[in-house]
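Participant: Handing you a structure now.
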């Protein structure tokens with residue numbers, strides 16, 4: 001397998017990125033211990049927490065000044081369906097709330113393999129329903145957004161939302177989303193950060209079956225949905241050496257064909273999770289583009 005062509009500004013960070021069998025495939029338990037150890041350092045004190053169902057809650061981040069009813073973002077963390085937590089995203093969500101002058105609700109959903117599909121989707125949809133029913137939230141200005149597996153869940157939540165007629169979403173923001181289990185069943189592609197081995201493990205855990213089967217539900221793998229018409233305006237961001245590049249770009253093309261306003265930001269030489277690396281101009285511009293898309297969908301000025 002040829003080496004990915006990494007952007008010059010990311011070459012140092014790329015040295016420390018998982019490759020080969022990756023991290024999750026070999027040591028899920030240790031990965032979870034590491035994530036849990038990071039929570040006290042990345043989490044914030046005094047964050048409001050609301051239970052949205054018997055199995056899920058949201059961590060609520062409010063800007064310093066906001067009028068009710070407020071626009072809102074439902075934020076869904078990544079982690080390949082097997083890792084992560086809303087608390088780890090506290091600082092990201094707090095900055096997002098201030099930058100948008102909007103409420104950001106980050107959902108803690110159940111993880112696979114202990115809780116396979118549809119557990120995570122049910123939890124995220126419960127969080128969206130809670131936002132829609134909350135009188136302090138403007139239900140006409142809600143964006144669903146997520147990163148990696150959270151991006152896949154955001155896409156699935158948007159589909160279920162229109163199918164069930166819950167609300168007209170203002171937009172969906174999908175950051176290198178994990179959309180298609182068939183990628184895990186295909187020949188490995190050059191990638192960094194999230195490896196083909198990790199991808200197969202994540203999908204197998206989430207589906208409780210081998211990825212690539214014809215019977216996989218489109219709510220589980222949104223790229224499998226045949227008709228994308230009626231989905232909300234969409235922003236997708238992905239790097240060229242991200243394992244999800246091809247599936248994300250293909251999904252964006254299909255959204256456009258279905259008449260869905262769609263913007264795609266493809267970052268040359270960027271790998272999966274590149275924006276978590278030490279701050280650089282590429283990461284900053286990527287985050288700025290994501291925030292700008294949210295502002296446009298929500299109809300807000302800069303916070």
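A short reminder: the numbers here are calculations on the coordinates, not readings from a lab. Keep in mind it's a predicted model, so treat the numbers as computed, not measured. When we count neighbours, we look across all protein chains shown, and the Cβ atoms used for this are built from the backbone with ideal geometry, even at glycine.
Participant: Can you tell me how much longer the chain between residue 226 and residue 5 gets when fully stretched, taken as 0.36 nm per residue apart minus their C-alpha distance, in nm with one decimal?
Facilitator: On the way: separation 221, 0.36 × 221 = 79.56 nm, distance 3.28 nm.
Full-extension gain reported as 76.3 nm.
Participant: Okay, next question. Please give the contour-minus-distance gain from residue 253 to residue 48: 0.36 nm per residue of separation, less the Cα-Cα distance, rounded to one decimal in nm.
Facilitator: Result for the pair: 69.9 nm of gain on full extension.
Participant: Can you sort 267, 137 from fewest to most other Cβ atoms within 10 Å of each residue's own Cβ?
Facilitator: 137, 267
Participant: For helix 149-164, what angle does its Cα long axis make with the longest principal axis of the chain, in degrees from 0 to 90 and rounded to 10?
Facilitator: Compared with the principal axis, the helix lies near 50 degrees.
Participant: If you don't mind, there's one more thing I want to ask. Go through 220-232, 240-252 and give me the packing order, highest mean Cβ count within 10 Å leading.
Facilitator: The packing order, highest mean first, is 240-252, 220-232.
Participant: Ok, one more. Let me know the shape class of segment 223-303, please: from the alpha-carbon gyration tensor, a ≥ b ≥ c as square roots of the eigenvalues, rounded when a/c is under 1.5, otherwise prolate if a/b is greater than b/c, or oblate.
Facilitator: Oblate is the answer for segment 223-303, as a/c is 1.5 or above yet b/c matches or exceeds a/b.
Participant: How high is the relative contact order of the chain? Use alpha-carbon pairs under 8 Å, at least six apart in sequence, and give a whole percent.
Facilitator: 21 percent
Participant: Spin-label point model (7 Å from Cα, Cβ direction): what's the residue 133 to residue 208 distance in nm?
Facilitator: In this crude spin-label approximation the distance works out to 2.6 nm.
Participant: For helix 28-42, what angle does its Cα long axis make with the longest principal axis of the chain, in degrees from 0 to 90 and rounded to 10?
Facilitator: Taking Cα atoms only, the helix is inclined about 40 degrees.
Participant: 7 Å from Cα along Cα→Cβ at both residue 41 and residue 15: what's the point-to-point distance in nm?
Facilitator: Each label point is offset 7 Å from its Cα along the Cβ direction, giving 1.9 nm.
Participant: Right, here's the next one. What shape does segment 151-303 take by its C-alpha gyration tensor, where a ≥ b ≥ c are the square roots of the eigenvalues and a/c under 1.5 counts as rounded, a/b above b/c as prolate, and the rest as oblate? Could the numbers behind the result be given before it?
Facilitator: Numbers: a/c = 1.98, a/b = 1.08, b/c = 1.83.
Because a/c hits 1.5 or more and a/b fails to exceed b/c, segment 151-303 counts as oblate.
Participant: Additional query: PRE reach from residue 182 (point 7 Å along Cα→Cβ): which of segment 209-235 fall under 12 Å by backbone N?
Facilitator: From segment 209-235, the list is 212-216, 222-226.
Participant: Using a simple spin-label model with points 7 Å from Cα along the Cα→Cβ vector, what separation in nm is obtained for residue 33 and residue 218?
Facilitator: 4.3 nm
Participant: Give me the number: length gained by fully extending residue 162 to residue 246, i.e. 0.36 nm times residue separation minus the C-alpha to C-alpha distance, one decimal in nm.
Facilitator: 27.7 nm
Participant: Is segment 108-212 best put as rounded, prolate or oblate by its Cα gyration tensor, with a ≥ b ≥ c the root eigenvalues, rounded for a/c under 1.5, and otherwise prolate when a/b is larger than b/c, oblate when not? Before the final figure, lay out the partial values.
Facilitator: On the way: a/c = 2.60, a/b = 1.95, b/c = 1.33.
Cα axes put segment 108-212 in the prolate bin.
Participant: In whole Å, what is the distance between the alpha-carbon centres of segment 48-81 and segment 155-229?
Facilitator: Answer, in whole Å: 22.
Participant: Among 117-124, 212-219, how do they line up from the highest to the lowest mean number of other beta-carbon atoms within 10 Å?
Facilitator: Numbers: 117-124: 21.5, 212-219: 13.5.
Ranked by mean Cβ neighbours within 10 Å, highest first: 117-124, 212-219.
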